[in-house]
Each structure stands twice: as C-alpha cells, then as structure tokens.
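A quick write-up on the structure given underneath.
The values are calculated or read from the model by the stated rules, or taken from the named source; none is laboratory data. Bear in mind that the values here come from a model prediction, so they are computed numbers and not experimental data. Positions of Cβ are backbone-derived with ideal geometry, glycine not excepted, and every protein chain shown enters the neighbour counts.
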C-alpha cells in the first residue's frame, strides 16, 4: 500500500496534537510538513525528531502558510489536514 502524503495546518498547537494522537505511528500516512501562521518565526524550523517517533527520524519541517499551494504541488500532497 502506498502512503498518503499529508500536510497538517493548525493553530495553537492543535496541529501537533493531531499529529501525535493520529499520525505519529500511522504507517498509512507520510506527514511531509506542518504550516504555521500564528507563531512568529516558526517557519523554517522542524517539529523535533524526539517528538515525531520512529517514522520521522529527522523531524518534520514547518513551513509558512503562504507556501501552501507550492507545497501541495512540489510534495505531491494528497490531503491537507485542518486542525
């Protein structure tokens, strides 16, 4: 089975909560990033590998929401999760 490429959008940490409770160890999905708009200067950082589990040993990139359309195309995102 091919993994589904996912991008998670959220606010106030809810995006990370959704990742941790549903996507963290879910082998059906490949979470390719988070988008951020509310926390200044968070884009360009990573959700740390210590919190992402074995499926994401390098952590997960955090992008600005302004790049959403570009990310969907470049990363072949199949689902955007609104958290």
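The figures follow:
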{"read-out": "Residue in the stretch 23-37 that is modelled with pLDDT of 90 or more, out of contact with any strand residue (DSSP E or B) (no Cβ under 8 Å at 6 or more places or on another chain) and surrounded by 13 or more Cβ atoms within 10 Å (Cβ to Cβ) present", "value": "yes"}
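Per-residue answers, yes or no, for (1) surrounded by 15 or more Cβ atoms within 10 Å (Cβ to Cβ); (2) in contact (Cβ under 8 Å) with a residue 12 or more places away in the chain; (3) under 10 Å from the mean Cα position of the chain (by Cα):
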{"residue": "3", "(1), (2), (3)": "no, yes, no"}
{"residue": "7", "(1), (2), (3)": "yes, yes, yes"}
{"residue": "49", "(1), (2), (3)": "no, no, no"}
{"residue": "60", "(1), (2), (3)": "yes, yes, yes"}
